[in-house]
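What follows draws every value from the coordinates through simple rules; no lab data is involved. Every value quoted in this text rests on a predicted model; they were computed, and no experiment measured them. Counting neighbours? That spans all protein chains shown, and the Cβs are built from the backbone with ideal geometry, glycine included.
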Amino acid sequence: MTPSNGQLAVPPGFRFHPTDEELLYYYLRKKVAYEAIDLDVIREVDVNKLEPWDLEALYLGTINMEYTDSSTDKCRIGSGLQNELFFFSHKGKKYPTGTRTNRATTAGFWKATGKDKAIHLSNSRRIGMRKTLVFYTGRAPHGRKTDWIMHEYRLDESTFYHSLHSTSQKPHRNPTLHSERRAIKDP
């Protein structure tokens, strides 16, 4: 799989469609432990500095922003449209000494919805959680709901520290992985 015009050359029909378990245990766990990822296709992005439509444009390669890593061959596999986008990001704090997460962008905010879902390995060991977020334009509490949905994945501390046991490097701070998609409405 060699890069071709900023895209990975893959056979027709290939899709990056990992399960929740694969996202957490293979990609995010390896990312925080600084382990090599065989096919490194997930870009690191500051999702709170970009609007959802900018994330989509970044994914499609039509813009290059200062809030991302420098690799141009990540995020895009094949030539077809993909409904889901995947990004690594750091969880920002709303206040420097607080525990609340900042999910505001210039044009709106990501609002958590529903209960967090526990993610387990096949041996029933819980490895992390998935939070569902919906993008609203404007400011709370008067924001307008959009069709943009994001899933935020985070490792359990036991999985996180187990991954770092074999490395002497400083861990990534507040590691999360984001999977974003735009809901498609029937006409």
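Taking the average, over residues, of other Cβ atoms within 10 Å as the packing measure, peptides 146-157, 114-125 rank 146-157, 114-125 from highest down.
Counting 0.36 nm for each residue step from D156 to R125 and taking away their Cα separation leaves a gain of 10.1 nm. Here the label points at T19 and A57, each 7 Å from Cα along the C-beta direction, are separated by 3.7 nm in the simple model.
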